[in-house]
Amino acid sequence: MKYIGNKLLTMLITVLIVTMLVFLAFRVIPGDPVSNMLGTSATPEKIERLREQMGLNRPLPVRYIEWLRDFFFGDMGKSYTYGSSVRSMLASKIPITIVLTVMSFVMVVAISIPLGIYTAKHEDKWYSKAIDAVNQITMSIPSFFLGMMLTYVFGLVLRWFRPGGFVNYKDDLLGFLGYLVFPAVAIALPKAAMTIKLLKSSVLKEGKLDYVRTAYSRGNSTDGVLYKHVLRNALIPVITFLGVTLADMVAGSIIIEQVFSIPGLGRLLITSISTRDYPVAQAIVAIIACIVIVINFIVDILYKLTDPRIV
Amino acid sequence: MRKRLVFILSVFLTLTIALGGCSGRKTGDSSKIVVGIPQDLEDSLDPHKATAAGTREVLFNVFEGLLKPDENGNLIPAVAKEYEVTDDGLTYKFMLRDGVKFHNGNPVTAEDVKYSIEKSAGMTGEESLIAAFSNIKEVNVVSDAEVDVVLNETDVDFPAYIASVNASVIPKDNATPDTTPIGTGPYKYISRSPQENIIMESFDDYWGNKASIKNLEFKIENGDSMLMDLKGGTIDLTMHISATQIKQIGDDFDVHEGSMNLVQALYLNNKIKPFDDARVRQAMCYAIDKQAILDLAFEGHGSPIGSSMFPSFGKYYMPELENKYPHDEAKAKELLKEAGYADGFSMTITVPSNYTPHVDTAQVLVEQLKTVGINASINQVEWNTWLSDVYTGRNYESTVIGVDASSLTADALLGRFYSSADNNFINYSNEEYDRLYEESRKTLDDNRRTELIKQMETLLSEDAANVYIQDMAEFVPINKKFEGYTFYPLYVQDISRIKYKD
């Protein structure tokens, strides 16, 4: 209980720091929502009047504390550019990004765990070496580039999907999931390659330890040792890595959303920054920070479950 | 337990991959066109608050004013069926057309018209986007079918302002024009999803020629994906494609070439050294080679210009100014020497990084200016930074940008060079110009007025207010299924005229 309490406290402090940084960052970069709204019809007087109307002239700490208070009560304010409530806007975008992240995470797990074990088991065989080589290449391709390649090959040449043919989950759930497959692959492949490599080396390392020799000497079969003893220990670093990866994938989906023109959280974040739509940008950053923290929290708990010795 | 998990995972994986093959099918058989636009409508859906040209060109399909522009640059009646001006030029009497309906089904009343004009003129407390509307004294409802607008001073351009999207007629009883746009245009607004799309449908009760295609989607594309999505068949039409990009598009499209209707120039901050010296500015004009810019950065497309006016303006345009400063390095060096810059100088060109054509132009300019000893460097900034630093802050040395005309008036292009104009971002100041401008505003005789406007253009050219470059070519790829794309001399898109080929 104390453990969870501590974690929650860290979480609160992190969100505080992150949102404060966002507030400051917007203060530092030039331009503000008013100049975006008025565009080329702006005059210094008009800007001043609108800033006053929108309450942008009030001191920064006051605005920050007010925003924080509202945020914790679930009120994220109104978007400057869209005039609608940030909450409803995010509500329609968050599922897109979450589904994309979860889908690619499932792919990572489904590809890397079996392949990692397999390559470790058949370490000396040529096909295992071939997988290693492919792995090495996949690992070094950035996902946005992979995304562009996938769009070109499967979208334009083979026509398995229509680039930009995103359909909203509200209109057509299957079409929506179908469109996300290739973006998810683009995010998943490099991460899967890394996980395979890690799992393989982790299994091999564990395999050389004393307890494994003891297990063999007691007459266990190879598979028995592998799945009952080695894997349990070998998975610990992999779980840590997957945790970090999942958090990383939330951020990675922002870039992939641009490549595949998916109107998710990432795209909204980028445009809200360029139009200085503070309420939207702040809310998204805060939410992403919360998601990352929650993931780390879950990883910590999984740790304890896999290895009870960890306190 | 673990086995079952693996099973579920693999089922999910195969399922998702199998479903991947199902995408790309058509939904419904009704007519539909998808138009790719490079940015979302980020200012407002209220036409009276639409500042960005990209917003106005979309809203043009939803809203109309009492008058509206046609493709030849004439003003044609829209919500009004005709208008008269009193002899003193101060009162405009608009007779309303019978049976014009808003998209919500209500008829347009004289009260709605009065409300719209007053709102767009800033008389109800909001900011007005049409500076010339500060000249409106009062708007009177004379009868159910007539609205009179009384001006303080005569203004021959008044009908052109009335025809702009920013002066559209909207219903008085709509409490939320920002989020629920209701107009009288050929398309009615249905819904939007931020950063995804804007959905419209043809309006069955439109008073004029109804749109041919029922469903219209404006799809928001970020720069890089536009071409991919065109080639992939997701979008049927897009505008403002450059010559370099058009080469990458295959044969599935009909490509129309038009002009962007803007004045692209190296705009100079006339207030700071060394650009406060006309000889320096002239030297820069001689130093650059417009044709080389077109060849290097625009595949040879575009029309060179010599003043703040583009060819679509017809009677005001002066082709003879195009070659006022032929490429002449010797002359440029001589002028620089006269001005005391024999060894050249260093300068910064600030360019908005999201406008590739302007960035490309700046790169060619740097090389060309180098030949006469001017050492220019490029500073790429974000659009919002450009707006606040360059445009409103006027804190810059030079910038490459295209200036468009927000209404069909010479004033939209030339008014900004009046020394005390709000939007005079180049800090141009010339007493002779101010005098000509003031006179032109008061002149009712069209010939005399045209003459004054031409004198202003000539003055800008002779004084080398800016290093004028070109009116950029624009390409419009449209899916071969469709026809009827029409260019306007203004920054608007008229989707209602597009139809399926027979």
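Every read-out reported here was derived from the displayed coordinates using simple, explicitly stated rules and does not represent laboratory data. The structure displayed is predicted, hence computed values, not measured ones. Here the Cβ positions follow ideal geometry from the backbone for every residue, glycine too, while neighbour counts run over all protein chains shown.
Here are some notes:
- Under the criterion of Cα pairs below 8 Å and six or more residues apart, the relative contact order for chain B equals 19 percent.
- Among A:270, A:262, A:65, the largest mean-square fluctuation in a Gaussian network model of chain A (Cα springs under 10 Å) belongs to A:65.
- Only helical runs count toward this figure. For chain B, summing -39,500 (n - 2.57) over DSSP H runs of n ≥ 4 and dividing by all residues gives -8000 deg cm²/dmol at 222 nm.
- Summing charges over neighbours of residue A:63, with a neighbour being any other residue whose Cβ is under 15 Å away from its Cβ, gives 0 when K and R count +1 and D and E count -1.
- Where labels lie 7 Å past Cα in the beta-carbon direction, separation of residue A:87 and residue B:145 in nm: 5.1
- Within the shell defined by Cβ-Cβ distances under 13 Å, the residues around residue B:297 carry a net charge of -4, with Lys and Arg each +1 and Asp and Glu each -1.
- The range A:2-72 gives an Rg/Rh value of 1.16, both radii derived from C-alpha positions and Rh following Kirkwood.
- Residue B:442-residue B:337 FRET efficiency (beta carbon distance; Förster radius 45 Å; 0.05 resolution): 0.60
- Here's the list of aspartates and glutamates a cross-link from residue B:324 could span, going by alpha-carbon distance under 14 Å and ignoring same-chain residues fewer than 8 apart: B:289, B:457, B:462, B:463.
- A simple count of charges around residue B:307, restricted to other residues whose Cβ falls under 14 Å of its Cβ and scoring Lys, Arg +1 and Asp, Glu -1, yields -1.
- Length available on full extension from residue B:419 to residue B:205: 0.36 nm per residue minus the Cα-Cα distance, which gives 72.3 nm.
- Looking at the protein assembly as shown, the DSSP beta bridges with both ends there are about 75 percent antiparallel.
- GNM flexibility winner over chain A from A:205, A:93, A:197 (Cα, springs under 10 Å): A:205
- Sorting A:79, B:191, A:85 by the number of Cβ atoms found within 10 Å of their own Cβ, with the fewest placed first, yields B:191, A:85, A:79.
- Prolate/oblate/rounded call for the range A:93-306, Cα gyration tensor, a/c under 1.5 rounded: prolate
- Too-long pairs where the Cα-Cα distance tops 25 Å, listed order kept, from B:93/B:214; A:125/A:200; B:81/B:172; B:81/B:454; A:170/B:501; A:2/A:200: B:93/B:214; B:81/B:454; A:170/B:501; A:2/A:200
- The charge dipole of chain A, taken about the Cα centre with unit charges on the Cβ atoms of Lys, Arg (+1) and Asp, Glu (-1), comes to about 560 debye, rounded to the nearest 20.
- For chain A, built as a Gaussian network whose Cα springs stay under 10 Å, the top-fluctuating residue of A:187, A:98, A:47: A:47
- Using C-alpha pairs under 8 Å with a sequence gap of at least 6, the mean separation divided by the residue count of chain A gives a relative contact order of 27 percent.
- By definition, a body whose alpha carbon gyration tensor gives a ≥ b ≥ c is oblate when a/c is 1.5 or more and a/b is not larger than b/c, and chain B fits this oblate description.
- Calculated SAXS-style log₁₀ I(q)/I(0) at q = 0.04, 0.05, 0.10, 0.11 Å⁻¹ - the protein assembly as shown, Debye, Cα scatterers: -0.22, -0.34, -1.14, -1.31
- Computed [θ] at 222 nm, helices only, for chain A once each DSSP H run of length n ≥ 4 contributes -39500 (n - 2.57): -25000 deg cm²/dmol
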